[in-house]
1. Taking only segment 45-60 into account, find how many residues are closer than 12 Å to Lys88 by Cβ and either surrounded by fewer than 16 Cβ atoms within 10 Å (Cβ to Cβ) or under 20 Å from the mean Cα position of the chain (by Cα) (or both).
2. Across segment 123-172, what is the number of residues that are of a type in the set (A, V, I, L, M), assigned to a helix (DSSP H, G or I) and farther than 16 Å from Phe18 by Cβ?
3. Report, by residue number, each residue of segment 20-44 that is of a type outside the set (Gly, Ala, Ser) and either surrounded by fewer than 14 Cβ atoms within 10 Å (Cβ to Cβ) or at pLDDT below 95 (or both).
4. Under the condition of being among the small types (Gly, Ala, Ser) and touching a Leu at 6+ places or on another chain (Cβ under 9 Å), which residue from segment 45-64 is modelled with the lowest pLDDT?
5. How many of the residues making up segment 173-210 are touching a Leu at 6+ places or on another chain (Cβ under 8 Å) and assigned to a loop (DSSP other than H, G, I, E, B)?
6. Cβ-Cβ under 9 Å, sequence separation 6+ or interchain: first residue in segment 38-67 and free of Cβ contacts under 8 Å to residues at least 40 places away in the same chain and assigned by TED's automatic domain parsing to the domain that holds Leu85, partner surrounded by fewer than 14 Cβ atoms within 10 Å (Cβ to Cβ) and of a type in the set (Ser, Thr, Tyr). Which pairs?
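The values are calculated or read from the model by the stated rules, or taken from the named source; none is laboratory data. Fair warning: this is a prediction, and the values are worked out from it, not measured in the lab. Cβ placement follows ideal geometry from the backbone for every residue including glycine, while neighbour counts extend to all protein chains displayed.
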Amino acid sequence: MKVTEIEVHEVMLEYQDFLAYQLNHYYGPAKRVVYVVHTDTGLEGLGESGRAEPSEVVEEYIGTNPFDWVGDEMSLGLGTAMYDLMGKSVGVPVYKLFGQRYRAWVPVGSWTVSTDPVRMAETVAEYASRGYTWMKYHLSPFENVIHQTEEMETVAPEGFKIHYDLTMGGTDDHIPELLEKLSKYRIAGCFEDPLPGEDIEGYVELRQRTTLPIVLHHFPMGATYEVLRRPADVYMLGHAKIG
């Protein structure tokens, strides 16, 4: 099996109405790239990523066998398409190429970005009505997170939790004091990236001081040495190539 052609499609998707205002102001229009990889056997592989790879990267895959890209370190989107082809060629789900299945389902949370407290509360109410029990959002120094939390708590049903993403500097507040204040609200769930990723000592101390889970997403050594220091309760691996 050889790759013969790769289609690159840039797609623009509209935000749902209840999210359009804040996401258009925060990110602008949503653009994704979809790859359709054709082979000489007739199988097609699909991959998706945030931006298109340069043409010279795409050309690297032409004429190769998808299995040449096990542990692909060149492109997340094209690497995903290669794994799609690997699974299809042997007639098994892709996870079987990695090992045993650990779970049959995964929980799914909701997501938004920082905006005024009233819109934050409206978003919580909408997500809760759709059955979600968690909502993550990126904090901003232009909005008061305490005011947001108080407004969201007025509409959040029992058990609904907020995943605060501080983006290693999304607020100018003193972090230990801020997390202590937020932890007192019933909807507070966890805190992601409250400090710069390289401040492992700070994370170790902060984890000892806060009562809610600390989530570490951006770390300089790829969750290796950092994990041994136990700076967080949860480690998020993402935005990385497959290998």
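1. Of the residues in segment 45-60, 1 are closer than 12 Å to Lys88 by Cβ and either surrounded by fewer than 16 Cβ atoms within 10 Å (Cβ to Cβ) or under 20 Å from the mean Cα position of the chain (by Cα) (or both).
2. Residues meeting the conditions: 2.
3. Answer for segment 20-44, where residues must be of a type outside the set (Gly, Ala, Ser) and either surrounded by fewer than 14 Cβ atoms within 10 Å (Cβ to Cβ) or at pLDDT below 95 (or both): Tyr21, Gln22, Leu23, Asn24, His25, Tyr26, Tyr27, Pro29, Lys31, Arg32, Asp40, Thr41.
4. Gly50
5. 6
6. Taking only residues 6 or more apart or on different chains, the pairs are His38/Thr4; Asp40/Thr4.
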